[in-house]
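J.: Pasting a structure here, questions to come.
The values are calculated or read from the model by the stated rules, or taken from the named source; none is laboratory data. Nothing here was measured: the structure is a model prediction, and the numbers come from that model. Virtual Cβ from ideal backbone geometry, glycine too; neighbours counted across all protein chains shown.
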Amino acid sequence: MCGIVGVLGNHEVAPLLVEALKRLEYRGYDSAGIATVNAGKLDRRRAVGKLVNLSDLLVHDPLPGKTGIGHTRWATHGAATVTNAHPHQAGPVAVVHNGIIENFRELRAELTAAGFTPGTQTDTETVALLTQMHMAGGLSPREAAARTLSRLHGAFALCFLFEGEDDLLIAARKGSPLAIGHGDGEMFVGSDAIALAPMTDAITYLEEGDWAVVTRAGAEIFDPAGRRVNRAMTRIQIDATRIEKAGYKHFMAKEIAEQPVVLADALRHYIQNGRINLPGVDFAAVDRVTLVACGTASYACHVAKYWFEQIAGLPADIDIASEFRYREPVLSPASWAIFVSQSGETADTLAALRHVGDKVARTLAVVNVPTSSIAREANLALPILAGVEVGVASTKAFTCQLTVLLLLALKAAQDRGRLGAEDLSRRLDALASLPGLMNHALGLAAAIRAMAGELAEAQDILFLGRGPMYPLALEGALKLKEISYIHAEGYASGELKHGPIALIDNRVPVIVMAPRDGLFDKTVSNMQEVMARHGKVLLISDLSGIDEAGAGCWETLAMPEVPDFLAPILYAVPAQLLAYHTAIAKGTDVDQPRNLAKSVTVE
Ligand code: F6R
């Protein structure tokens, strides 16, 4: 995680660096800092906590210069203190870093022995110290940086700035993404194109192992063997208005509310003339699918397992990406592996994709950021078209991921002869009604707000679901705990009696997600077991479900009627609203909850 930026500008860079960091704050907000070279002199400002603290500091203690680097931190090594904040400076060099230098202990020992003593607890400082040591030995900044890079193990995106050099940045990428931006007599470096969007739309992505010497005249790019290479420049379209709150109090609220619109966009893209539009996707010869992701995206995969197996009769495995490689999965050469990621940069998911390589017939990426590493490295990338998601808690990306995965499952069913034309067309029509149903579900906000005060008092909250609603229970619990800090767990409702029921008493709210489907009666029986032990049940169902089973519940929420196979997409909405309003009632930082970051680029 962490966001990095570098600017070789024609004007004062501090405001540009801060603006770019604002766009990167989703990557971490433990501290922020910038460094500039002004009249040859290297200087820096750093502040703990959110970027606003750095902005305040710069008001009282400005940092002049037209050349600079900046950083927003998600702490890996060392607490969130000013000393550990980036940029890290060692003599004539300052460095910003995203990633982890795995051999930093060994390097620290070597540096200490050579008289270059670390003063922080970070891995990054060793990069600055190594470069300083090489420069002290007579190497130029460029030679020193190259020598340093050859010593580093692990994952990194780095940007170096040097005293006395106001027309030089050195950028390097291994494992973590890095973009170079081209301006008019100006050049930029950033963790992603979004950070550079106000300054340029002309972007060159560094490839794995590349490093670049950047001056105002352009960028010379080298591969790990030091050979000069050409990397294409692309024009990026980023709609700045989609990165604003547009009158909402929080990005999360805006992104929840946007779901009917972005879902409709995705449906328009993937369903054309009454047919599924997935060119080049044919499941006829595929013998199984493996779905891999982290967090919320992994719960989307979990739902998709039910769809692939129930609708298409295609065996589906699911893995959380951080475990996938280590369980040494046995992959069929006729299978497809599907990697799901909002950011497309999640290190564990990317590592899983690389691990699969060509062991399967095809790798697919279901991603929100089409220029991301996962999108670029998979055989086929399917965009979810959710638009920029800024809130750390994933909302609209989840429902768009589900929609694309459902369309893949329907296509698999069609290709495998499991779904006749009429049945398929009926399901596609039902899908087309989903944005309208979502609007209706969003109307539950007032009722949810009214119960949030009481939920906010709870120490523990359980979510229950059965079948495809089980992953929704997991997602509801994740969403709630990550932004309200209330301990929450999701369980398959039938599993409760095998242990977790011991937690139930009249202080534990239990949220039961139970559309009136074929599993409803069984879920209701489990709900009764909770009520018999004085559990405080909130039943989320449709009107008929509530009529039938709502008596004796603490609260009920009436959802619109929806075909069973679409319920997991629709029921995401009350789960998101419950988390949002409970967090508001608790007064937590909804868009930037503690300890988290939006893009998790470390393993
Ligand atoms: C939770 C959340 C995370 C992400 C996870 C994967 O609200 O957002 O659990 O889903 O970190 O991130 P991506 O989808 O970017 O790979």
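J.: Write out, first by first residue and then by second, each pair whose Cβ atoms fall under 6 Å of each other, whose residues are 6+ apart or on separate chains, and whose first residue, in the range 102-127, is on the phi > 0 side of the Ramachandran plot and in contact (Cβ under 8 Å) with a residue 24 or more places away in the chain while the second is of a type in the set (D, E, K, R) and outside any loop (DSSP other than H, G, I, E, B).
T.: none
J.: Can you pull out the residues in the range 285-313 that are away from the ligand (no atom under 16 Å from the Cβ), assigned to a helix (DSSP H, G or I) and either in contact with a Lys or Arg (Cβ under 6 Å, 6 or more places away or on another chain) or more than 10 Å from L405 (Cβ to Cβ) (or both)?
T.: Passing the criteria: Y306, E309, Q310, I311, A312.
J.: Of the conditions (1) of a type in the set (V, I, T); (2) surrounded by fewer than 18 Cβ atoms within 10 Å (Cβ to Cβ); (3) within 13 Å of A14 (Cβ to Cβ), V82 satisfies every one except a single condition; which number is it?
T.: Going through the list (1) of a type in the set (V, I, T); (2) surrounded by fewer than 18 Cβ atoms within 10 Å (Cβ to Cβ); (3) within 13 Å of A14 (Cβ to Cβ), V82 breaks only (3).
J.: Now a separate question. Return the residues of the range 349-369 that are over 27 Å from A285 (Cβ atoms) and surrounded by fewer than 22 Cβ atoms within 10 Å (Cβ to Cβ); say none if nothing qualifies.
T.: Matches in the range 349-369: A351 only.
J.: When you go through A79, A35 one by one, which is the residue that is farther than 23 Å from L178 by Cβ and either small (G, A, S) or assigned to a helix (DSSP H, G or I) (or both)?
T.: Details: A35 fails: farther than 23 Å from L178 by Cβ.
Going through A79, A35 in turn, just one is farther than 23 Å from L178 by Cβ and either small (G, A, S) or assigned to a helix (DSSP H, G or I) (or both): A79.
J.: Restricting the range 362-396 to residues that are touching a Lys or Arg at 6+ places or on another chain (Cβ under 8 Å) and not in a loop (DSSP other than H, G, I, E, B), which is nearest to the ligand (Cβ to nearest atom)?
T.: Looking at the filtered set, the residue picked out is E377.
J.: Looking at (1) in contact (Cβ under 8 Å) with a residue 40 or more places away in the chain; (2) in contact with a Cys (Cβ under 6 Å, 6 or more places away or on another chain), which is the one condition that is false for Q342?
T.: (2)
J.: Right, another one. So, of the residues in the range 314-338 that are assigned to a helix (DSSP H, G or I) and free of Cβ contacts under 8 Å to residues at least 40 places away in the same chain, which turns out to be nearest to the ligand (Cβ to nearest atom)? Break it down into steps so the answer makes sense when it comes.
T.: Within the range 314-338, the first condition is being assigned to a helix (DSSP H, G or I), and the residues that meet it are 321-327.
Narrowing the set further to residues that are free of Cβ contacts under 8 Å to residues at least 40 places away in the same chain leaves 321, 323-327.
Numbers: A321: 8, E323: 14, F324: 13, R325: 16, Y326: 18, R327: 19 Å.
So the residue we want is A321.
J.: Ok, one more. For the range 183-205, what are the residues that are surrounded by fewer than 24 Cβ atoms within 10 Å (Cβ to Cβ) and assigned to a loop (DSSP other than H, G, I, E, B)?
T.: Answer for the range 183-205, where residues must be surrounded by fewer than 24 Cβ atoms within 10 Å (Cβ to Cβ) and assigned to a loop (DSSP other than H, G, I, E, B): G183, D184, G185, E186, A197, P198, M199, T200, D201.
J.: Ok, one more. Identify the single condition in (1) in a strand (DSSP E or B); (2) within 28 Å of the chain's Cα centre (by Cα); (3) among the acidic types (D, E) that E25 does not satisfy, given that it satisfies every other one.
T.: Failing condition for E25: (1).
J.: Being touching a Ser or Thr at 6+ places or on another chain (Cβ under 8 Å) and on the phi < 0 side of the Ramachandran plot is true for just one of D358, D319. Which residue is that?
T.: Just a single option satisfies the conditions, and that option is D319.
This table checks each residue for (1) outside any helix (DSSP H, G or I); (2) away from the ligand (no atom under 16 Å from the Cβ); (3) in contact with a Phe, Trp or Tyr (Cβ under 7 Å, 6 or more places away or on another chain); (4) among the aliphatic types (A, V, I, L, M).
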{"position": "T399", "(1), (2), (3), (4)": "no, no, no, no"}
{"position": "L406", "(1), (2), (3), (4)": "no, yes, yes, yes"}
{"position": "G417", "(1), (2), (3), (4)": "yes, yes, no, no"}
{"position": "E422", "(1), (2), (3), (4)": "no, yes, no, no"}
{"position": "E457", "(1), (2), (3), (4)": "yes, yes, no, no"}
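J.: Checking L474 against (1) surrounded by fewer than 18 Cβ atoms within 10 Å (Cβ to Cβ); (2) at pLDDT 95 or above: exactly one of these is not met. Which one?
T.: (1)
Okay, residues lined up against (1) part of a loop (DSSP other than H, G, I, E, B); (2) surrounded by fewer than 24 Cβ atoms within 10 Å (Cβ to Cβ); (3) within 16 Å of the ligand (Cβ to nearest atom); (4) within 32 Å of the chain's Cα centre (by Cα):
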site	(1), (2), (3), (4)
S525	no, yes, no, no
R533	yes, yes, no, no
D547	no, yes, no, no
E561	yes, yes, no, yes
F565	no, yes, no, yes
P568	no, no, yes, yes
Q576	no, no, yes, yes
R594	yes, yes, yes, yes
T601	yes, no, yes, yes
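J.: Does the range 27-36 contain at least one residue that is surrounded by fewer than 24 Cβ atoms within 10 Å (Cβ to Cβ) and modelled with pLDDT under 95? Explain how you work it out, then say what you get.
T.: Filtering the range 27-36 for residues surrounded by fewer than 24 Cβ atoms within 10 Å (Cβ to Cβ) gives 30.
Subsequent filtering for residues that are modelled with pLDDT under 95 retains 30.
Yes.
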